[in-house]
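*Asks:* Quick one: this structure, given as structure tokens, is what I'll be asking you about.
The values are calculated or read from the model by the stated rules, or taken from the named source; none is laboratory data. None of the values given here were measured: they were computed from a predicted structure. Glycine also receives a Cβ, built like all others from the backbone with ideal geometry; neighbour counts cover every protein chain displayed. Quick note on the areas: whole protein, heavy atoms, side chains included, nothing else; ligands and nucleic acids left out. Shrake-Rupley method; radii C 1.70, N 1.55, O 1.52, S 1.80 Å.
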Amino acid sequence: MTATTARRVLLAAPRGYCAGVDRAVIAVEKALEQYGAPIYVRKEIVHNKYVVQTLEKKGAIFVDETEEVPEGSIVIFSAHGVAPVVHEEARQRRLATIDATCPLVTKVHKEAVRFAKEDYDILLIGHEGHEEVIGTSGEAPDHITLVDGPKDVENIQVRDESKVVWLSQTTLSVDETMETVDALKQRFPGLVSPPSDDICYATQNRQIAIKQVAAEADLVIVVGSKNSSNSVRLVEVALGAGAKDGHLVDFASEIDEAWLEGVTTVGVTSGASVPDVLVEGVLEWLAERGFGDVEVVQPMRESLTFSLPKELRRDLRSEAAAAAADATPAAPSRDA
């Protein structure tokens, strides 16, 4: 690159925290404020290294299994959702639970239960071992078959081809999912679709935005953790939409300066579980290397928010009512 080469950053929007992640992280923070440390969290509350480390410093303890939580403690279930058996395990250990499952994941769980009651074979499109897939499968284990991409379609067996429905992990690539759905429809012409798309709005919006950015970018940097499905998909979507190169990083310090060789336009976005402070760090790193011209690419805006888990809302209301009562001046006595 020469000194006269115009260097710019195309910053995708929407990016970063979605409503479900924001709700889950706030749930842990509020629980710590309200009940004090430690608060136990089953699995990572969201798939982001920085978020987990930050909450650990505040007193959250992350465990892999419910049995690791001391009896009588408070445990929060992550945004990815859990199977019914996990709720039962918590009940048996007398744990107070706060369910921070994203409402959009809960929607898929309810769809699985409903279709199972109607005796459908449910083809769940998703990645084996992902926490969301494990949770959804647990809602109807006798009815659900995992479909991990088009390659799995040929070997699927169902009981009745007239009663087959597909559901999906919420964090997949829209293009990837629809490729699998098309293959399933070829195999099962009577395949039923869910009442609404299972791919979450935030996943779709971030993919639409990065496609627009990638068409003009020599390099795309996605901020996110490697175990974040939607972050990994953003790199894949960017490369598929025309970006010449693409990388996933947790922090700006992970960027390799060699990636900038011959680059004039860098696209930047972040996964749905990434706080914007990490993106700001990447923008600062790029600005120090001549990429200080930042243009926001925003094909749509987001306004959706979710209320806190009901367990916290109930306690928070009681706390607010008690505080209001303490602040109310006493009525004057008749002798005054």
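*Asks:* Is any residue of the stretch 84-126 close enough, with backbone N under 14 Å, to a label point placed 7 angstrom from the Cα of Glu71 along the Cα-Cβ axis, and if so, which?
*Replies:* 90-96, by backbone N distance to the label point.
*Asks:* Moving on. Based on a Kirkwood Rh over C-alpha pairs, give the Stokes-Einstein translational diffusion coefficient of the stretch 169-269 at 37 °C and viscosity 0.692 mPa s in µm²/s.
*Replies:* Rounded to a whole number, D works out at 224 µm²/s.
*Asks:* Looking at the chain, I'd like the Rg to Rh ratio, where Rg is from alpha-carbon atoms and Rh is Kirkwood's inverse mean 1/r.
*Replies:* 1.05
*Asks:* Give the distance, in whole Å, between the Cα centre of the stretch 37-53 and the Cα centre of the stretch 267-287.
*Replies:* 20
*Asks:* If you don't mind, there's one more thing I want to ask. Assign unit charges at the C-beta atoms only (+1 for Lys and Arg, -1 for Asp and Glu), then state the dipole size of the chain relative to its Cα centre in Debye, rounded to the nearest 20.
*Replies:* 900
*Asks:* Now a separate question. How high is the FRET efficiency from Trp259 to Ile26, r the C-beta distance, R0 35 Å, rounded to 0.05?
*Replies:* Result of the calculation: an efficiency of 0.50.
*Asks:* About the Cα centre of the stretch 34-89, what is the dipole size in debye to 20, counting +1 per Lys and Arg Cβ and -1 per Asp and Glu Cβ, all else neutral?
*Replies:* Once rounded to the nearest 20, the dipole reads 440 debye.
*Asks:* Classify the stretch 46-121: rounded, prolate or oblate, from the alpha-carbon gyration tensor (a ≥ b ≥ c, eigenvalue square roots; a/c under 1.5 rounded; otherwise prolate if a/b is larger than b/c)?
*Replies:* Since a/c reaches 1.5 but b/c is at least a/b, the shape of the stretch 46-121 is classed as oblate.
*Asks:* Within the stretch 198-237, list the residues whose amide N lies under 11 Å from a label point set 7 Å along Cα→Cβ of Lys244.
*Replies:* Counting only backbone N, you get 217-220.
*Asks:* When the label point is put 7 Å from the Cα of Val85 along its Cα-to-beta-carbon vector, which residues of the stretch 127-162 have a backbone N closer than 19 Å?
*Replies:* 127-147
*Asks:* Please go through the stretch 243-321 and write out the GluC sites (Glu not before Pro) that DSSP classes as loop and that have at most 16 other C-beta atoms within 10 Å.
*Replies:* Answer by residue number: Glu261, Glu288, Glu302.
*Asks:* For the chain, build the charge dipole from Cβ charges (+1 Lys, Arg; -1 Asp, Glu) around the Cα centre, then report which of Leu286, Gln298, Pro309 sits farthest towards its positive end.
*Replies:* Projecting each Cα onto the dipole axis, the largest value belongs to Pro309.
*Asks:* Report the full-extension gain for the segment His127 to Ala287: residue separation times 0.36 nm, less the Cα-Cα distance, to one decimal in nm.
*Replies:* Here the answer is 53.9 nm.
*Asks:* Sticking with this one: Could you give the accessible area per residue of the stretch 83-137, probe 1.4 Å, as a whole number in Å²?
*Replies:* Ligands and nucleic acids excluded, the result is 44 Å² per residue.
*Asks:* For every helix of n ≥ 4 consecutive DSSP H residues, a contribution of -39,500 (n - 2.57) applies; sum these over the chain, divide by its total residues, and give [θ] at 222 nm rounded to the nearest 500 deg cm²/dmol.
*Replies:* -12000 deg cm²/dmol
*Asks:* Summing Lys, Arg as +1 and Asp, Glu as -1, what charge do residues with Cβ under 12 Å from the Cβ of Val237 carry, Val237 excluded?
*Replies:* Taking every other residue near Val237 into account, the sum is 0.
*Asks:* On to the next question. Name the shape class, rounded, prolate or oblate, that the alpha-carbon gyration tensor gives for the stretch 99-143, where a ≥ b ≥ c are the square roots of its eigenvalues, rounded holds for a/c under 1.5, and otherwise prolate holds if a/b is larger than b/c and oblate otherwise.
*Replies:* oblate
*Asks:* Please identify the GluC sites (Glu not before Pro) of the stretch 139-244 that satisfy two criteria: DSSP loop assignment and at most 13 other Cβ atoms within 10 Å. Which are they?
*Replies:* Glu161
*Asks:* Direction-averaged shadow area of the convex hull around the Cα atoms of the stretch 11-142, nm²?
*Replies:* 9.3
*Asks:* Express the Stokes-Einstein translational diffusion coefficient of the stretch 77-220 in µm² s⁻¹, to the nearest whole number, given a Kirkwood radius over alpha-carbon pairs, 37 °C and a viscosity of 0.692 mPa s.
*Replies:* This corresponds to a translational diffusion coefficient of 202 µm²/s.
*Asks:* Determine how many Å³ per residue the convex hull of the Cα atoms of the stretch 3-87 encloses.
*Replies:* 139
*Asks:* Quote the charge dipole size of the stretch 211-268 about the Cα centre in Debye, to the nearest 20; the model charges only the Cβ of Lys and Arg (+1) and of Asp and Glu (-1).
*Replies:* Taking the Cα centre of the stretch 211-268 as origin, the dipole is about 320 debye.
*Asks:* Turning to a different aspect of this structure: Asp293: net charge of surrounding residues, Cβ under 15 Å, Lys/Arg +1, Asp/Glu -1, itself excluded?
*Replies:* -2
*Asks:* Now, a different point. Place +1 on the Cβ of every Lys and Arg and -1 on the Cβ of every Asp and Glu in the stretch 33-144, take the dipole about the Cα centre, and give the residue among Gly59, Val105, His130 whose Cα lies farthest towards its positive end.
*Replies:* Gly59
*Asks:* Protein chains only, probe 1.4 Å: how do His87, His127 rank by accessible area, largest first?
*Replies:* Output order, biggest surface exposure first: His87, His127.
*Asks:* At a Förster radius of 51 Å, what calculated FRET efficiency corresponds to the Cβ-Cβ distance of Gln298 and Arg159, to the nearest 0.05?
*Replies:* 0.65
*Asks:* With every atom except the alpha carbons ignored, what do you get for Rg and Dmax of the stretch 236-286, in angstroms?
*Replies:* Cα radius of gyration and Dmax of the stretch 236-286 are 11.2, 31 Å respectively.
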